[in-house]
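Every read-out reported here was derived from the displayed coordinates using simple, explicitly stated rules and does not represent laboratory data. In this text the structure is predicted, and so the values were computed from the model without any measurement. Methodologically, a virtual Cβ is constructed for each residue, glycine included, from the backbone with ideal geometry; neighbour enumeration extends over all protein chains shown.
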Amino acid sequence: MNRLALTVVAAGVALTSLGAAAQFQKPEDAIKYRQSVMTVMGNHLGRVAAMVQGRVPFDAKTAADNAAIVVMMSKLPWVAFGDGTDKGMPTRARPEIWKEPAKFKDLENKMMADAEKFDAAAKTGNLDNIKAALGTLGRACKSCHDDFRNEKYSN
């Protein structure tokens, strides 16, 4: 994706997310939104992970483009964890999200900071830098998932 297209997408998503809380008419809307964001973020992390693991050839520009999407997406899902969004449709979110909001917020901030570092590492074009930053970001994601995400969807 060229930089102009990425910038346009980023601006559109950022503008859309500003009013996201007001746009959630039903808990289901918030749940779908956060699940979609996580899916897109995971997809782009996976593309870089495939390069780091040697499953696909390393391409510095592609890694940087995907990292830019990850950092943008890392800022979006949090608004969709509002009160009442623990029910309404199948979700993997644990009740602890709403019982331990300070801990959840700390992990949210850590993940976003690590996503920024991942993006900076990807901009260097150095595979070793990218690998290290991806590992750190992956651990941040895992720590939140370990505490706040169920393995299976609720009913």
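Structure shown: which of 26/61; 26/103; 26/110; 123/152 lie over 31 Å apart, alpha-carbon to alpha-carbon? Listed pairs above 31 Å: 26/61; 123/152. By the Cα gyration tensor, the range 55-106 has an equivalent ellipsoid whose semi-axes, rounded to whole angstrom, run 32, 13, 10 from largest to smallest.
Ordering of 50-63, 110-123 by packing is 110-123, 50-63, highest average first (other Cβ atoms within 10 Å, averaged per residue).
Ordering 33, 153 by the number of other Cβ atoms within 10 Å of each residue's own Cβ, fewest first, gives 153, 33. Counted over the range 28-155 with a bin width of 5 Å, the fraction of Cα pairs per bin, in whole percents, is 2, 11, 20, 23, 17, 12, 9, 5, 1. Note on the chain: with charges restricted to the Cβ of Lys and Arg (+1) and Asp and Glu (-1), its dipole about the Cα centre is near 200 debye. For the chain, what is the mean residue ellipticity at 222 nm derived from helices alone (per DSSP H run of n ≥ 4: -39500 (n - 2.57); sum divided by total residues; nearest 500 deg cm²/dmol)? Calculated mean residue ellipticity at 222 nm is -23500 deg cm²/dmol.
For the chain, averaging the sequence separation of C-alpha pairs within contact (under 8 Å, six or more residues apart) and dividing by the residue count gives a relative contact order of 28 percent. Each other residue within a Cβ distance under 12 Å of residue 114 adds +1 if Lys or Arg and -1 if Asp or Glu, for a net charge of +1.
Out of 25, 122, 73, whose Cα points farthest toward the positive end of the dipole of the chain (charges: +1 Lys, Arg; -1 Asp, Glu; placed on Cβ)? Working it through, the farthest residue towards the positive pole turns out to be 122.
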